[in-house]
Structure formats: C-alpha cells, structure tokens
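The values are calculated or read from the model by the stated rules, or taken from the named source; none is laboratory data. Note that the structure is a prediction, hence the values are computed from the model and not measured. Cβ coordinates were reconstructed from backbone atoms using ideal geometry, including for glycine residues, and neighbour counts include every protein chain displayed. When the accessible area is computed, the model is the full protein with side chains, heavy atoms only, and any ligands, DNA or RNA have been set aside. Shrake-Rupley method; radii C 1.70, N 1.55, O 1.52, S 1.80 Å.
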Amino acid sequence: MEVNVVNDKLRNGKRSGGFLGKVKVGGSAFVPLGEESLVYYPLEKRSVFSHIRGEIGLKIWYVDEEAAPPPAVEEASDVKAEAVVEEAPAEVKTEEETKVVDETENEKSKPPEAAEEKPPEAGKTEEQPPPTPTPAPAAPAQEAATAITPIAQSIEKKKEMKEAEISDKRAEFSMHELELSSLSAERSRLCSYDLVDRMPFFFVRAVKAKCAAPLSADSSLHARLVIGTHSVKTKSQNPDKDWDQVFAFDKESLNSTSLEVSVWSTTESKHENDTVIVTEASLGSVSFDLQDVPKRVPPDSPLAPQWYTLEAGDDAGGADVMLAVWIGTQADEAFQEAWQSDSGGLLPETRAKVYLSPKLWYLRLTVIQAQDLQVETGSDGSKAKVRNLELHVKAQLGAQVFKTSQTRFGSGGSISANPSWNEDLVFVAAEPFDPFLILTVEDSDKEKSLGQAMIHVASLSRRIDDKTESWSRWFNLIGSDESKPYKGRIHVRACLEGGYHVLDEAAHVMSDVSASAKQLAKPPIGLLEVGIRGAKDLLPVKTSDGTRGTTDAYVVAKYGSKWVRTRTILDRFNPRWNEQYTWDVYDPCTVLTIGVFDNGRYKRGGGESDKKQDLRIGKLRIRLSTLDTNRAYVNTYSLTTVLPNGAKKMGEIELAVRFSSSSWVSLLQAYAMPMMPRMHYVKPLSPPQQEILRHTAMKVVTARLGRSEPPLGAEVVQFMLDSDTGLWSLRRSKANWFRLVKCLSYVAVLDRWLDGVRRWLHPPTTVMAHLLIAAVVVYPNLLLPTTFMYAFLNLVLRFRGRVRGPMNMDPRLSYVNAVGDDELDEEFDGLPSSRPVDVIRFRYDRLRALAGRAQTLLGDVAAQGERLEALMSWRDPRATAIFAVVCLLASLLFYTVPFRGFILGFGFYYLRHPRFRDDLPPVYINFFRRLPSLSDQML
C-alpha cells in the first residue's frame, strides 16, 4: 500500500499540489482487526536533494469477509438459454442490442489508457462449434438453436473476461507477496537437496490383499517383508480394509538381493477355560529381485501399485496382494511418513521434525497507586486505624512473579492514605498468552493479601514505539470474604511491548533481532541453506544390553525461531543423514547453532527409559557474516565437549552451508542499521533486567518446545541457548583473560617498536623515522591521506591470507586442555554449591556470582579488540571491503580538503545542537558492533 502526502493550496486563484513525501507499507505488515496499533513511518523523498522531512502515523488492519456468491445470471445461464428458445427472434435481436450497449458502457467506464489499448484477444476470431444436424421437419427448433448461439457466446465471453480479470489480480497479488514474503519456497523447489548426497532407499508400498476363499469373521490379514536380516510386518487389518503402509529400507545396509513378501491370516479362538489361541496361516508369498526394481526420481508421479499373485501357501485357496516397489531417495514424498530401517521404524521420537519457538512479547505493567483499601485490623473484624503499614504489589503471570518496592500506608499525618508506587514491572508473554495477569496488594510484614485483581492479557493494547502511550485503568480489588468482596481499587497501566526483540539467546550468538510486532517486520535479505550430511568416528556414549557401546545420534540446528531436528540414526558411529533445511535471513550478522546429541528417549517401554535424557556430543556455531554469498561451503568440523573429567573429542560432523542473497544493496545497507530494534535504544532495559528476562524467556521457550510431540528435551534447548553462559567457570575466566591480553599485546608490540627506534637498534628504521617526522612538519596535509592509504594497501595485501571458510570451535582458545580436575569440578558444580559447610557454601556462591560478572566483562572487553582485529583480517569479507573502500575515499577526501577545514567541520559537527541529533547510534558504531568476534567460537 502506498500513501502519498501532498500540500493543496491556492496560488493566484488556482489550486496547486505540492508533494510532501510518501510511504510504502508491505502486505506482510498488515495485521487482523483487533491487533492494530499506531505506527509512525518516515516519509520517503523523491530525490537526494529533496528537503522533505517528517513522519506519518497510520493504523492498518484487515478484516476477513466471506466471498460473495456468484451472480445469479451466471448460475442460471442454462435456464435463460432454455427460456430464449421459446421466445421470438425479435427478442433475440433486442438481447444483441443490449449486449452492444453493455460493451459501450464498459468502454466508457474504463480509464482512457485502458480504452485505447485493446486486448490481443479482441482481434482473434473465436472458434464456434459446428451446428448440430437436425431433421427437416424441426425447422423452428433449428432457428431457435441458431438464435441461442450469440447469447451463449456472450455469456461465455463474459465468463472468460471475468476469469481473466481474477487471474490477473491473483498474479499481481502473488508477485507482490513474492517480493515481501519468504524466499525459501522458490529456492527449495528449484534446488532441493543440492547440498547433500542422494541416499538410495528401497521403497515398498503394501496396499491390501484379497483371498479367493472367504475368511472367518475373526480373521485378520497382515503382510511380512523380508530382505536378508531385515524383517517387518504391516498392521493387522480385516480383509475388507487396506494397510496402505510404506516401508523404506536403506539400500547400503541391505545384505540381500531379493525381497520376499508374504501374506498371513491370523485367527483367534477362545476355549472353554477362556484361553485365547492365535493361529497364523500363510496365504502365499511373492519374491522380487532388487536389480529389476524400477527407479523413481521426483517430481515423477508416484508409482501405481499392482496386483501380484501369491504362490501357494498353507491355504490352497489362493490370494493376491497389491504392492508398489521402487528405488528412490530421501527426497521422495513417501519417505517422511514411511517406516524407516535406519531410524527404528515408525518411532515418533526418531523422526525428523521442525519446531517453532513461540512468539514472545514483553508485557510492561506500571503500578501507579491504590485507593480505598479496606484493611480490617480489629479483633472482631472491625476496621480500625492503621499506622505504618508496609505494602507492596505482587504481580504474577504464569510462573513469573515480580514485586514492587514497599510503601507506607496508614492514617498518620505524614503517611498517605492512598499508597503509590509508580514502578514498571516487565514480564515475558508468549503466544498464546496466559489468560490472566494477577495483581495482589500484600502486607510486607505478614505476607497477607489485602485484595486481588485480574487482568485479561489478550485484551491488552499493543505498543510498538515510544510515541504512543497506553491508557491507564482502575481495577477493583476483591477479597476472600464473599460477604464483603470489595477491598478497594488499584490504578495500573499495562500493555504488550512489540517494539522490542525478546532476547532468549546470549547477546554474542543471536540468530534473530526482529521486533515482536508484525508491523515492524522487514522483508528477508537472503536465504540460508544448511545440508546436514553426516558424521564419522563418533564415540559410544551408552551401552546396549549392558554389553557393547552404542550411539543413536541426531542433529539439532537452530536459527531464528525455527528449530530443525534430523532423524535419529540408530546404533551407528558413522551416521549419514543427508537432510537439507532452509531459513530466511533478515540480518547477516547472526549466528547459526548446530548441536549433535544422543537420543535417550526413543525406547518407550516404561520404567527407567522414560527418565533418560539426551546426551551432548558436541556443538558448533557459524556466523553468517563470515560467509561469501552464493557460495557453498562443504567442511568437516570436529565435535568437542567438556566433561567433568576433561575435554574429549567426540567425533566429526560434515556440513554444507550456503548463504545466498539477491540484493547486494540490502546486504550492505544492513551494516549501517542498528543491531536491535529502535525501542532498545530509545527506552532501554537495564543490563540486570535484560539478564533476568533472558533467562525467563529461555524457560518459556523450553516449556513450549517440551509440549510438542515428540518433545524437544529441556537439556537440548538449554544447551543450544547457552543457559550456563553467566555461571562461574575458572576455565572461561582464564580464556577471556588471555583473549584480552592478546588484544593488548598489539599495543605492547608498538611500544617496543617505538622504544627500539629510539634506541637505534635498527639504524635504517630510525633514519626513516627522522625523515617521516620532517615530512610531517613540512607537509602536514599529507599525514592523514598517507595513513589511510597505508591502511588500504595493508588490507589489500592481507586479502590473500583471509580465512577461506567458517571457523569451528577452538579448544585452545577455550583453554579446555589447560585446566585441572579441581577447576573442572568447580565448573560443573551447580548453584548453590554442594559443599557441606554452610559458611563455605555462602562465601563460595558469592564469589562465583561476582566472578561470573567479571568474566562476562572480560569477554565483552576482549570482543571489542577482536572486532578491531577482524576489521583487518577479512574475517567478515563484506565489512572489511566496506572499510577498505572507506579508507580509499577518506584518503582522497583528506588529500583534497585542508586539514584545518576538517578540524573545523568535525568540531562544529561534534558540538551540534541536540535538535539535530538522532536517538539511534551513529553509523560507525553500528558498523563496529556488527563486526565478528571470537565469542561464537568459545566452548
């Protein structure tokens, strides 16, 4: 939708319109009725030299309405045709005249441009069906049939014109949606499974069977499929019902070249002592040679099943079975719902699934004041004077509980009879929302409730910026006494904040930075494709039957709100998944997280198997900004995990990653945009509050994904979201400290070099330094251009030594091999500590809490130096290329602009009036914050 703002004013008695700007809003930002909110959009200019400035506030929503029924004229076309048969030819002429008048009116109603241009179909002659031969005596009927022809043609022509108009509208709508919606649909259709290998599978579709001889009413049929050591049977059904089951056998694991399908009948008979005897009888079998089985590759249509006559079995009556046998790949449509030999058959816990994180909002509650509090303090329940009563408000949303500070309430002269707080409480709300937000006014000393109010969360207003303020409301407080339910009222302001991004990941490994409100959504700038090919040399993590080690591995990949889980390959140390997934990318400076786990939940026999958890095998992260666009990276990454007894390499995983983008302008423009939505800078949350809300959001996501079927385990979600980032670890503290020392070492190297120059350790260098000082004194205007030119040439020379692929977890950087057993025991010790002495436990926990903050600070400081290093090392090729171009332009600019003019302009710009400043961070700060650090390679 495009909205234009114009200025309509009189000039010399004539009206003239002046363009003041326009706004284009994508269809993906439209919300249904009831979720609309006021959004301010900046006005776009026509050109760079335009002086247009300002914003326009819009509320946009849509209403779903039922489609109108088609006109009655088109529905009853046959009835009209029959009615015209009985009319005279003169009336037919009138109908033709009416048709000409209608076409003339349509031409008048069209725009001038559309009226001049005729559709190409107008010049074509329509093919008319030949007249039906009729007997000679039926001349009037023939004349009537001839008269019907132009009317039927006009009705058909109107239908075709209307369908063409509808199809044009649909095509126009689909093109508009294609520009704003996901890029993954077209890509997945064109090049599905192009990053992984095609795995051959042997498919068998068992449909049904029929017997020549009738079976008893208590009989049921099932089929058995045997290929070497693989043996599986279909479900037992009545003879008149179908099985319609598909079986997929991994061709590489087959140890036979023939398939045998047999049909069995099962009969249950009950004796006098209530014992049930099950009798099975074979109806025959049929064999297939795997070398003669046809191959099928999508998008070919499914193979049609055929009837096969079974060879005589125990029952000599004869039987037939309907089967379809073919060789396909994992890209086959029937593969996802088929019985799979490498993942345990039809177990739900071993299937590949896609999970979606719930949509998270911040719920801001402002507790203002309370009035008319009814406090009963007398022994007989009467109301007496209350002095120095400490009150607070407790707010509860699901499992989240927050309290305001205490305020004094009573009847004293200096104490207000209406307590006020004016405090903000922020919750994390997930769609679908919890039904009610419960407010309770409590006595802080006695923890006694003085009244309770409930707010319906779904009815709260939604705010997406700081320019609109939600309305405050009064709610009645209700007590537990039914005879006197009224206990006063409370004044609050509550709204759902849609302008924030709810953090559920650590700040340095974020995969999504979009705001909660749909109105602030932006179109994707690229597409991320990940091919999970396989793993090798995995170590056994559990025992099978108490005799031998085994591993049932699967992979979880997380980017944005989409989680993918591959199928579990049972009892293999070199599993091959070859599954490919896609994500839409809205920001290139985000991180993809991939974890490998051992499935401990797939055995559902009850008992101890239900209490088992999925074990960690390893994890890695890939930052998208370090990838070249439209290039596939196929690499093998080592999987290392930290255990209480030390670091251990668990194996390797092979991945194929491709980040594609069709617009370089949008990709480069993202580097100048703020990392987070605008509300994070205009009305920021405090760091302690952000940390509390992040852990709360993590718990909400863990609980929601645990309610899926099959559930994604809490230990898996917490490991992927780095729930233990802020916990104390001496190993992480050492790693962050040495990261900081490494960054500061460049300053020490420069200091030693200057000291060497001063000491004449290398005389030619000292002579060159003297010449450089003399040149700066004589030609001061060449200082900055020469510096930027040197930086540009240095970057160009380092281009050949850039990192060619995504980085893996670095055990040396994480110091996993330089810690002792006691330090690892301290790292894996939970909070609170398990030490027996109470005093030691208190001091130990306090030390760990303080040390956790210190290690985070060390990591943040180290990340700044690593970003400077990444700017020169081509880790992010696009960012370094931008910096190189800026250095070149700055060199030319400082060559032409005098240094005095630059100092004057910079000083005036730095001291500019606050009116000319923006609330958002400047471009160079946004650019610097988007540079990659080594935080995403920490274990």
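Rounded, prolate or oblate for region 651-727? Axes are the square roots of the Cα gyration tensor eigenvalues, ordered a ≥ b ≥ c, and the cut-off for rounded is a/c under 1.5. Taking the square roots of the gyration eigenvalues as a ≥ b ≥ c, region 651-727 is oblate. Accessible surface of region 200-341, 1.4 Å probe: 47 percent of it comes from carbon and sulfur atoms. Roughly speaking, what is the centre-to-centre gap between region 33-47 and region 512-544 when only Cα atoms are used, to the nearest Å? Between the Cα centre of region 33-47 and that of region 512-544, the gap is 32 Å.
What the pair-distance distribution of region 416-517 shows, using all Cα-Cα distances binned every 10 Å from zero, is 12, 36, 30, 17, 5, 1 percent. Tell me, how many Å apart are the Cα centres for region 882-897 and for region 631-650? When both Cα centres are located, 42 Å separates them.
Overall, region 730-937 carries a charge dipole of about 700 debye about its Cα centre when +1 sits on the Cβ of Lys and Arg and -1 on the Cβ of Asp and Glu, all other atoms neutral.
Region 655-709 and region 195-268 have their alpha-carbon centroids 48 Å apart.
Near the amide H of I56, within less than 5 Å, lie the amide hydrogens of Y41, L43, all on another chain or at least 5 residues away, with H placed in the peptide plane. Counting only protein heavy atoms and a 1.4 Å probe, region 730-937 has 67 square angstrom of accessible area per residue.
Extents of region 2-61, largest first, come to 47, 27, 16 Å (Cα atoms, principal axes, whole angstrom). If R0 is taken as 51 Å, the Cβ-Cβ distance between V6 and S472 corresponds to a FRET efficiency of 0.85. Scanning residues 5 or more positions from G618 or on other chains, those with amide H under 5 Å from its amide H are V596, with H placed 1.01 Å from N in the peptide plane.
In region 2-61, taking the dipole from charged Cβ atoms about the Cα centre, the farthest positive-side position among G57, N4, S37 is held by N4.
Taking every alpha-carbon pair within region 200-341, the share separated by more than 17 Å comes to 61 percent. Computed over region 730-937, relative contact order equals 37 percent, with contacts defined as Cα pairs under 8 Å that lie 6+ residues apart.
Projected onto their three principal axes, the Cα atoms of region 833-934 cover extents of 73, 36, 22 Å, largest first.
Taking a ≥ b ≥ c as the square roots of the eigenvalues of the Cα gyration tensor of region 301-360, is the shape rounded (a/c under 1.5), prolate (a/b larger than b/c) or oblate? In terms of gyration-tensor shape, prolate. Karplus-derived 3J(HN,Hα) values for region 439-446, using 6.51 cos²θ - 1.76 cosθ + 1.60 with θ = phi - 60°, are 10, 9, 8, 10, 7, 5, 6, 9 Hz; glycine and proline are entered as x.
Stokes-Einstein at 4 °C, 1.567 mPa s, Kirkwood radius from Cα pairs: D for region 505-567 in µm² s⁻¹? Here the translational diffusion coefficient equals 83 µm²/s.
Rounded, prolate or oblate: which fits region 590-698, taking a ≥ b ≥ c as square roots of the Cα gyration tensor eigenvalues, rounded meaning a/c under 1.5, else prolate when a/b beats b/c? In terms of gyration-tensor shape, oblate. Remark: region 719-813 carries a charge dipole of roughly 300 debye about the Cα centre, counting +1 on each Lys and Arg Cβ and -1 on each Asp and Glu Cβ. Taking every alpha-carbon pair under 8 Å whose residues sit at least 6 apart, region 200-341 reaches a relative contact order of 32 percent. Here the Karplus curve 6.51 cos²θ - 1.76 cosθ + 1.60, taken at θ = phi - 60°, turns the phi angles of region 210-219 into couplings of 9, 10, 6, 8, x, 9, 5, 5, 8, 8 Hz, with x standing for Gly and Pro. Computed packing ranks the peptides 742-752, 860-870, 463-473 as 860-870, 463-473, 742-752, most packed first, by mean other Cβ atoms within 10 Å. Per-residue Karplus couplings for region 758-770, computed as 6.51 cos²θ - 1.76 cosθ + 1.60 with θ equal to phi - 60°, are listed in order as 5, 8, 6, 5, 10, x, x, 5, 5, 5, 5, 5, 5 Hz, Gly and Pro entered as x. Averaged over residues, the count of other Cβ atoms within 10 Å places the peptides 633-642, 824-833 in the sequence 633-642, 824-833, highest first.
Here the dipole of region 200-341 is about 260 debye; that uses its Cα centre as origin and unit charges on the Cβ of Lys and Arg (positive) and Asp and Glu (negative).
Accessible surface computed residue by residue for region 586-680, with neighbouring protein chains in place and a 1.4 Å probe, gives 40 Å² per residue. Amide hydrogen proximity for F573: with H placed 1.01 Å from N in the peptide plane, no residue at 5 or more positions away or on another chain lies under 5 Å. Taking each of K22/K522; K536/K562; K295/K353; K359/K518; K536/K734 in turn, the alpha-carbon distance tops 21 angstrom for K536/K562; K295/K353; K536/K734. Averaging 1/r over every pair of different alpha carbons in region 730-937 and inverting the result gives a Kirkwood radius of 21.6 Å. The figure for D289 is an accessible area of roughly 70 square angstrom, using a 1.4 Å probe on the protein chains alone.
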